[in-house]
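I have placed the structure first, in the form of structure tokens, so that the comments after it can refer back to it.
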Amino acid sequence: MSAFTRDQLVEYADGGLSPTERIGVEAFLAANPEAAAEIAHIQRQSDAIRTLYGPVAAEPLPQRLSVHALARQGAQRRRGYWMKAAAAVILVGLGLGSGWMLRGQDAAPGIADRLIADAVSAHTVYALEKRHAVEVASTDSEHLSSWLSNRLQTNLAMPDLTASGLTFLGGRLLPAPDVSGGRAAQLMYEDAAGARLTLYVTPSPGPDTPRYEVANLGLDTALFWSDDVISCTITAPYSAEKLQAIARTVFSQLNPSVGGDYAT
Amino acid sequence: MPDILHEIEAAVPALRRYARALTRDVASADDLVQDCLERAISKRALFRSQGPVRAWLFTILVNLHRNALRGARRRSDTVDLGSVPEPSVPAPQPGHMALAELARAIETLPLDQKEALLLVTLEGLPYKDAADILNIPIGTLMSRLGRARATLKTLTGTQTEPHLRTVK
């Protein structure tokens, strides 16, 4: 009979190991009373901890821990923030006379998360499309730029990412209920291996938006960035480091008026 | 997409149990769970295919608890006498006395050991899951478990020991 390491015996006590290994350990313990005593002690200790706190899980839940009530309150709070944020933005907008800002913004905490989520779903849907990946092809780049700039009411250039090995495929307009104007532009690029990168660009959601966030979503990484004029989420099946390098190129080109203030 | 709120809801009893064992206080444990749920609910749009909802919730809870402790330490420089280990007293009967003694002993464990021990014993999580939640390698998890168990064994004395020789 083969011996087991102490780690394996302890893992057995904690309910681990494969069924075959467990049978082996049981045989080993039957022949080694000292090891068996130690393992039994560990199991008794664990049983005692479960006896102490296990019953908590069966206690009736207080109302404040009701998930659905909390979800409702969260939605109400967000609406509350929206009202305050909209009022603040109207004041700023009057001061600056900046047209699109007057539409009011949802600057609630979490806006960046919602935009990233929207960007990633749009990426997932359209990056898989072989023939209809874009609405306006890159061959019509000038029209695309003026069309999207118009719809987003901000000056939008189409970044050139050939230096990063990415070919511009084109773009499309998407609904974006979380931002003023309710529209987002998606620009799509493709690398030599056929992997696709999208930029999801919206007017800036407001002054309280986080400047920078990275989300790792399984196969894809999303990198969010916002300034006073636009927000942009870059989604691609790349590592965060590679995406950051591309982001520097994107942000200096995307909105020429604010260019260089991207820093990580 | 399955309703993530249902999955969050299903994990609440386990989160309460874990929080109660971490804090040993009904009100602060439920505060912790409430903070955790609020965070999870507001971030749920981001949670799409990043693994099991339950592990994600435990990660949030552990982080909130650590933050709360850091905040509490900053606010107070005094030593909490209740947290100083009491010498173990042989209990006349192994039942409730031994359990109370065990609870006090768990409280004296360093936080990283307590987090690991409770995930594995109380929550019954596989090592891999517990290590992922704590963001540490499995080897580190196992050494924390080992140290926690050795401390508990010392602090709870021989009363809960069986009449068998111990192994060095």
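The values are calculated or read from the model by the stated rules, or taken from the named source; none is laboratory data. What you are looking at is a predicted structure, and each value in this text was computed from that prediction instead of being measured. Methodologically, a virtual Cβ is constructed for each residue, glycine included, from the backbone with ideal geometry; neighbour enumeration extends over all protein chains shown.
The residues of segment A:116-161 that are closer than 23 Å to A:A192 by Cβ, of a type in the set (S, T, N, Q) and out of contact with any Phe, Trp or Tyr (no Cβ under 8 Å at 6 or more places or on another chain), listed by number, are A:T124, A:T139.
Give me the strands (runs of 3 or more DSSP E) completely within segment A:183-225, filtered to those with at least 2 residues that are under 11 Å from A:A119 (Cα atoms) and of a type outside the set (A, V, I, L, M), ordered by residue number.
Because the criterion is at least 2 residues that are under 11 Å from A:A119 (Cα atoms) and of a type outside the set (A, V, I, L, M), the strands (runs of 3 or more DSSP E) in segment A:183-225 that meet it are A:196-203.
In summary, A:R114 fulfils each of the numbered conditions (1) outside any helix (DSSP H, G or I); (2) at pLDDT 75 or above; (3) of a type outside the set (A, V, I, L, M, F, W, C); (4) crowded, with 20+ Cβ neighbours inside 10 Å with the single exception of condition (1). Only one entry of A:P177, A:P207 meets the criterion of being of a type outside the set (D, E), over 15 Å from A:A247 (Cα atoms) and within 18 Å of the chain's Cα centre (by Cα), and that entry is A:P177. On the stretch given as segment A:206-264, residues that are among the aromatic types (F, W, Y), surrounded by fewer than 21 Cβ atoms within 10 Å (Cβ to Cβ) and modelled with pLDDT under 85 total 2. The set of residues in segment B:11-27 being surrounded by fewer than 16 Cβ atoms within 10 Å (Cβ to Cβ) and either assigned to a helix (DSSP H, G or I) or in the same structural domain as B:T108 (by TED's automatic domain parsing) (or both) consists of B:V26, B:A27. So, A:G165, is that one touching a strand residue (DSSP E or B) at 6+ places or on another chain (Cβ under 8 Å) and either crowded, with 19+ Cβ neighbours inside 10 Å or outside the structural domain of A:H123 (by TED's automatic domain parsing) (or both) or not? Answer is no for this residue.
A quick yes/no check of all residues on (1) closer than 29 Å to B:A148 by Cα; (2) away from chain A (no Cβ under 11 Å):
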{"position": "B:I8", "(1), (2)": "no, no"}
{"position": "B:V26", "(1), (2)": "yes, no"}
{"position": "B:D30", "(1), (2)": "yes, no"}
{"position": "B:E38", "(1), (2)": "no, no"}
{"position": "B:F47", "(1), (2)": "no, no"}
{"position": "B:R54", "(1), (2)": "yes, yes"}
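Does segment B:107-126 hold any residues that are surrounded by fewer than 21 Cβ atoms within 10 Å (Cβ to Cβ), in contact (Cβ under 8 Å) with a residue 40 or more places away in the chain and assigned to a helix (DSSP H, G or I), and which are they? Selection gives B:E107, B:L111, B:K114.
I'd like to know if segment A:131-139 contains one or more residues that are surrounded by fewer than 21 Cβ atoms within 10 Å (Cβ to Cβ), at pLDDT 80 or above and part of a helix (DSSP H, G or I). Checking segment A:131-139: at least one residue is surrounded by fewer than 21 Cβ atoms within 10 Å (Cβ to Cβ), at pLDDT 80 or above and part of a helix (DSSP H, G or I). Residue count for segment B:42-52 satisfying the condition of being closer than 17 Å to A:S66 by Cβ and either among the charged types (D, E, K, R) or surrounded by fewer than 20 Cβ atoms within 10 Å (Cβ to Cβ) (or both): 1. With in contact (Cβ under 8 Å) with a residue 24 or more places away in the chain, more than 10 Å from every other protein chain (Cβ to nearest Cβ) and farther than 19 Å from B:E123 by Cα as the only criterion, which of A:A35, A:A27 stands out? The unique qualifying residue is A:A27.
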